Every structure is written in structure tokens, then in C-alpha cells.
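Q: Got a structure here, written out as C-alpha cells. Questions coming.
The values are calculated or read from the model by the stated rules, or taken from the named source; none is laboratory data. Owing to the predicted nature of the structure, the values given are computational and were not obtained by experimental measurement. Here the Cβ is made from the backbone with ideal geometry for all residues, glycine too, and neighbour counts use every protein chain on show.
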Amino acid sequence: MTENKNMKSKFQPTKEGYYGQFGGAFIPELLYPNVKELEDNYLQILESSAFQEEYKDLLQHYVGRPSPLYLAKRLSEKYGATIYLKREDLNHTGAHKVNNTIGQILVAKHLGKTKIIAETGAGQHGVATATVCALMNLECVVFMGETDIKRQAPNVARMKMLGAKVVPATSGSKTLKDATNEAIRYWIQHPETYYLIGSVVGPHPYPDMVARLQAVISEEMKVQLKAQTGNENPDTIIACVGGGSNAAGAFYHYLDDEKVELIAVEAAGLGVDSGESAATSQLGEVGVIHGSKTILMQDEYGQITEPYSISAGLDYPGVGPLHAFLHETKRAQFMNATDKEALDAAFELTQLEGIIPALETAHALAVLPKMNLKKDQVVVINLSGRGDKDLETYINHLED
Ligand SMILES: *Cc1c(COP(=O)(O)O)cnc(C)c1O
């Protein structure tokens with residue numbers, strides 16, 4: 001969380017939460033007091049030594065940080081570059097999401113909240129939230145689309161075992177956006193609860209708060225790269241983007257250093273123009289989703305269109321406002337990978353390095369063959385999560 005106090009970066013949001021034209025807080029009036037309370041307090045809490053001590057302690061002893069930075073020799077040889085993997089897959093609960101939920105549960109405690117609500121699509125954020133609620137002995141209610149509850153039975157079971165209440169969202173397409181609507185409705189009726197958002201999305205200050213909590217990824221990368229290569233900067237960082245939190249964390253401390261190339265990879269599903277895709281930066285237009293102005297996939301009437309990807313964590317119809325800004329300013333290059341390319345990349349990493357990645361992460365790996373890499377080019381891929389949860393999908397494609 002180092003920040004040059006004298007020179008404000010253009011990649012830090014304004015006081016009102018804007019990155020260029022993107023961001024802000026577009027919320028019903030009834031939610032204003034909740035969001036304002038958080039906005040008034042989050043920076044002070046995050047920067048307090050009480051918070052920092054507990055956050056760092058839990059990251060080290062509970063999550064298992066720092067996560068290793070691993071030089072993938074066989075992958076490097078294959079692509080003719082020097083490729084490191086930032087091993088977020090080795091975190092407790094198997095992905096980067098816990099960095100955020102640990103941080104926000106402490107923020108909730110500092111605000112005196114005793115009940116946590118969250119929404120989840122595939123269930124990964126729900127599990128990460130239920131985990132920290134168990135840890136802190138706080139009540140947890142997770143909203144989840146009815147369709148997703150059926151599709152993601154193991155994560156539903158995990159949440160229940162952790163003591164969370166899983167509430168089905170039965171409206172609309174019964175998926176993530178409907179769960180979000182239910183969570184917001186509940187929040188309006190129960191303003192004493194803390195709403196724990198799982199990515200760099202939502203009304204200000206959530207995108208900034210989540211980016212700061214995930215920034216531990218690039219903070220560690222700097223130290224680890226320095227120790228392993230003598231230079232704290234890589235040439236290129238690659239991360240997959242659903243809402244954008246693992247990418248925000250991997251990019252964070254490099255945003256102002258234009259020499260470091262940033263590559264954000266979206267899910268192209270069956271193909272960007274197939275009608276079955278989640279490549280928001282390619283297909284989206286400016287609009288408001290989940291309380292912030294950003295780019296999102298919408299129809300001619302401005303209604304959110306249902307995204308598709310083989311990986312449940314990437315089929316989100318928007319991207320966070322920071323990413324919309326990174327796209328607009330071209331600070332990050334946006335690429336995409338189809339289901340098929342991601343599957344191939346997952347099998348390749350498994351067989352070259354003995355690491356089974358999450359399907360989301362496999363999209364980041366899948367752009368390697370599309371790049372023009374050089375032998376001494378130092379590339380860091382953020383390995384956002386492990387593939388245990390995707391085993392059924394992988395088994396179905398073993399013969400392909
Ligand atoms: C949820 C998830 C993602 C996508 O979310 P971001 O906020 O874009 O990081 C990516 N990888 C894994 C392993 C996930 O669980």
C-alpha cells in the first residue's frame with residue numbers, strides 16, 4: 001500500500017471514486033448512509049496500524065503468504081521467454097479471493113458490524129466469505145442464483161458446512177446478477193449488515209478498497225523479482241479478468257510504471273462474436289452496473305446481457321471501473337481466450353509444470369502462444385487459483 005503522497009497517480013480514483021469517466025457510486029438513496037459510512041472510514045481503517053498488524057498476521061499465518069514466485073522452466077522453454085508464476089493458487093481456499101475477504105472482514109469488525117452478506121456466482125467468493133465469517137464468528141448470508149446453486153453443489157455444501165446461510169435468487173436468469181439484486185434489496189432492508197463485495201466492482205469505495213487489499217500480490221512480486229532477477233520490475237504481467245480483482249492486485253504497484261506491459265485477459269467463450277462470450281472490453285458499452293459506471297455487455301435497451309464462459313469466475317457482464325479506464329487509456333492491453341484455448345492451456349501447464357490451474361487462470365496462460373515473446377523477456381503470470389474445483393470439466397475434456 002505504498003503511495004506517493006505528493007503526486008497522485010491517475011490510476012488512483014478521485015475522492016468521488018472516478019477513474020476518468022468510470023466509477024462513482026450509483027446507488028439507491030436508501031443505501032447512501034451505508035456506503036457513506038464505509039467511504040468515510042475505509043482509508044483510515046486500512047492505514048491504521050491495528051488493521052495492518054492483524055491483516056498481515058492473518059495473511060502470513062492463515063492464508064500462507066507470501067505466495068511463491070515460481071520460475072516455470074519448462075513453460076519458459078516452450079515459449080522462449082522467462083516466465084514466472086505468482087502462486088495465488090497456494091493460498092488457503094485455493095485462490096486470490098481470500099486476500100480481499102480477510103481484509104474486508106477486518107474492516108467490518110472495525111465498523112462494529114456483526115452480520116455479513118455477500119453474493120456469489122460460482123460460489124468461490126461465497127466460500128471465501130463464509131470462511132472468514134467462521135474465522136471471526138460472524139453471521140453470514142450468501143445470495144446465489146438458483147441456477148448456480150444447482151450447478152455448483154460442492155461450493156454450496158462448503159458454505160453450509162462453514163455455517164453460512166445460502167439464499168437462492170429466483171428472479172430473472174437466476175444467476176449472479178439476480179443474486180446481486182437480492183443482496184442489494186436485503187442490504188436496504190437490513191442496513192446494519194456489512195456487504196462484502198468480491199471483486200473490484202460495485203459503488204465507490206469498493207473498487208478502490210478491493211484493489212488495495214489485492215495489492216499485496218504486486219507488493220510481494222516486487223520483492224521476489226528483485227531477489228530472483230535483480231530487478232523488481234518484470235517486462236510483462238498477465239492476468240485474467242472477471243470483475244478484475246486478481247489483475248488489479250497483480251498490476252497495482254506497476255500501474256504508474258509504463259515500461260511494465262500489462263495484459264488483461266477476458267473470456268471469449270465460444271468466440272468473441274459468437275453471442276456466447278464474456279469479453280466485456282470488446283463487446284461492452286458504457287453503462288451502470290452494480291452501482292458503478294463502467295463498460296458492460298448490454299442490449300439495445302441497456303439491459304444487461306447474459307455473459308457466457310466455460311469458467312464460472314469469468315462470466316461477469318462487466319469489468320470494474322479501473323479496468324474500464326485501463327482499457328480506455330490503453331495502459332493495459334486487453335486480450336481474450338476461448339473456452340477451447342483455455343482448456344488446452346490448462347492441460348499444457350499441468351503436463352509441463354505439474355500445476356493444475358483454475359479454468360479462469362487458464363485464460364491468462366492461453367495468450368502465451370499469441371504473443372511475440374523474447375528469450376530474456378521477464379513475464380509474470382498471476383496464477384489466480386487452483387483447478388480442483390474444475391476437475392469435472394477437465395475430466396470431460398480428457399479425450400479431446
Ligand atoms: C473469481 C476468480 C477470478 C475472477 O475474478 P477477478 O475479480 O477478475 O480476479 C479469477 N480467477 C479465479 C481463480 C477466481 O476464483
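Q: From Q60, Q104, Q52, which residue is under 30 Å from T147 (Cβ atoms) and under 23 Å from the mean Cα position of the chain (by Cα)? Let's see the steps before the verdict.
A: Details: Q60 fails: under 30 Å from T147 (Cβ atoms); Q52 fails: under 30 Å from T147 (Cβ atoms).
Result: Q104 is the single residue among Q60, Q104, Q52 that is under 30 Å from T147 (Cβ atoms) and under 23 Å from the mean Cα position of the chain (by Cα).
Q: Would you check which residues across the range 224-249 are among the β-branched types (V, I, T) and buried (at least 24 other Cβ atoms within 10 Å of the Cβ) and list them?
A: Of everything in the range 224-249, those that are among the β-branched types (V, I, T) and buried (at least 24 other Cβ atoms within 10 Å of the Cβ) turn out to be I237, I238, V241.
Q: Just the residues that are within 16 Å of the ligand (Cβ to nearest atom) and either outside any helix (DSSP H, G or I) or without any contact (Cβ under 8 Å) to a residue 12 or more places away in the chain (or both), please, taken from the range 167-194.
A: Our first condition is that a residue be within 16 Å of the ligand (Cβ to nearest atom); within the range 167-194, this holds for 175-177, 179-180.
Of everything in the range 167-194, just one residue is within 16 Å of the ligand (Cβ to nearest atom) and either outside any helix (DSSP H, G or I) or without any contact (Cβ under 8 Å) to a residue 12 or more places away in the chain (or both), namely T175.
Q: Could you say whether any residue in the range 217-237 is within 10 Å of the chain's Cα centre (by Cα), within 16 Å of the ligand (Cβ to nearest atom) and at pLDDT 95 or above? Please lay out each step first, then the result.
A: If we filter the range 217-237 for residues that are within 10 Å of the chain's Cα centre (by Cα), which is where we start, we get none.
Looking through the range 217-237, none of the residues is within 10 Å of the chain's Cα centre (by Cα), within 16 Å of the ligand (Cβ to nearest atom) and at pLDDT 95 or above.
Q: Still on this model: Condition first: out of contact with any strand residue (DSSP E or B) (no Cβ under 7 Å at 6 or more places or on another chain), in contact (Cβ under 8 Å) with a residue 40 or more places away in the chain and crowded, with 18+ Cβ neighbours inside 10 Å. Now tell me which residues in the range 133-166 satisfy that.
A: Correct list: D148, Q152, N155.
Q: How many residues does the range 53-77 hold that are in contact with a helix residue (DSSP H, G or I) (Cβ under 8 Å, 6 or more places away or on another chain), assigned to a helix (DSSP H, G or I) and either of a type in the set (A, V, I, L, M, F, W, C) or closer than 16 Å to K109 by Cβ (or both)?
A: Within the range 53-77, residues that are in contact with a helix residue (DSSP H, G or I) (Cβ under 8 Å, 6 or more places away or on another chain), assigned to a helix (DSSP H, G or I) and either of a type in the set (A, V, I, L, M, F, W, C) or closer than 16 Å to K109 by Cβ (or both) number 7.
Q: Looking at (1) in contact with a Phe, Trp or Tyr (Cβ under 6 Å, 6 or more places away or on another chain); (2) outside any loop (DSSP other than H, G, I, E, B); (3) charged (D, E, K, R), find the lone condition where E276 falls short.
A: (2)
Q: Please specify each residue of the range 338-379 satisfying the condition of being under 23 Å from K97 (Cα atoms), over 17 Å from the mean Cα position of the chain (by Cα) and not polar (S, T, N, Q).
A: Scanning the range 338-379 gives D339, A342, L343, A345, A346, L349, G354, I355, I356, A366, V367, V379.
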